[in-house]
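The values are calculated or read from the model by the stated rules, or taken from the named source; none is laboratory data. Only a predicted model underlies this, so the values are computations on that prediction, with no experimental measurement involved. We place every Cβ from the backbone using ideal geometry, glycine too, and count neighbours over all the protein chains shown. Just so you know, the surface numbers come from the protein's heavy atoms only, side chains and all, with ligands and any DNA or RNA stripped out. Shrake-Rupley method; radii C 1.70, N 1.55, O 1.52, S 1.80 Å.
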Amino acid sequence: AARMAAPTMEERKACWGARDEFWQCLDSHADDAAKCEKLRRAFELRCPQQWVKHFDKRRDFLKYKRKLETEGYIPPEAAGKS
């Protein structure tokens, strides 16, 4: 059900908890989403749809940022010349 009311504190905590468990699962399985399907469903069940979208984008951003921090920035044109 799409309800526009803001989630209560309990609902927010449930959502964040589900997200954290899902992300931890992804972290420990090298982002193999298939291994974390149950947690993904719980995450989608407990969080408003637009939060799920937001957190997915956020995770992609954080992954990208971490990649830059660990591997350094490789300009696209330099990547093909190795």
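Would you check if there is a residue in region 18-35 being open to solvent by less than 60 Å² (accessible area, probe 1.4 Å), over 30 Å from P75 (Cα atoms), more than 11 Å from the chain's Cα centre (by Cα) and without any contact (Cβ under 8 Å) to a residue 24 or more places away in the chain?
No: zero hits.
Cβ contacts < 9 Å: first residue within 14 Å of A30 (Cα to Cα), restricted to region 51-65; second residue of a type in the set (S, T, N, Q) and not in a helix (DSSP H, G or I), any location; separation 6+ or different chain. Result?
Listed by first residue and then by second, the contacts come to nothing, as the list is empty.
Let's see how each residue does on (1) open to solvent by 100 Å² or more (accessible area, probe 1.4 Å); (2) not basic (K, R):
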site	(1), (2)
R12	no, no
R41	yes, no
K57	yes, no
F61	yes, yes
Y64	yes, yes
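Quick check: anything in region 43-53 part of a loop (DSSP other than H, G, I, E, B) and either modelled with pLDDT of 90 or more or aromatic (F, W, Y) (or both)? Reasoning before the result, please.
Start the filter on region 43-53 by keeping residues that are part of a loop (DSSP other than H, G, I, E, B), which leaves 47-48.
Within this subset, residues satisfying the condition of being either modelled with pLDDT of 90 or more or aromatic (F, W, Y) (or both) are 47-48.
Scanning region 43-53 turns up at least one residue that is part of a loop (DSSP other than H, G, I, E, B) and either modelled with pLDDT of 90 or more or aromatic (F, W, Y) (or both).
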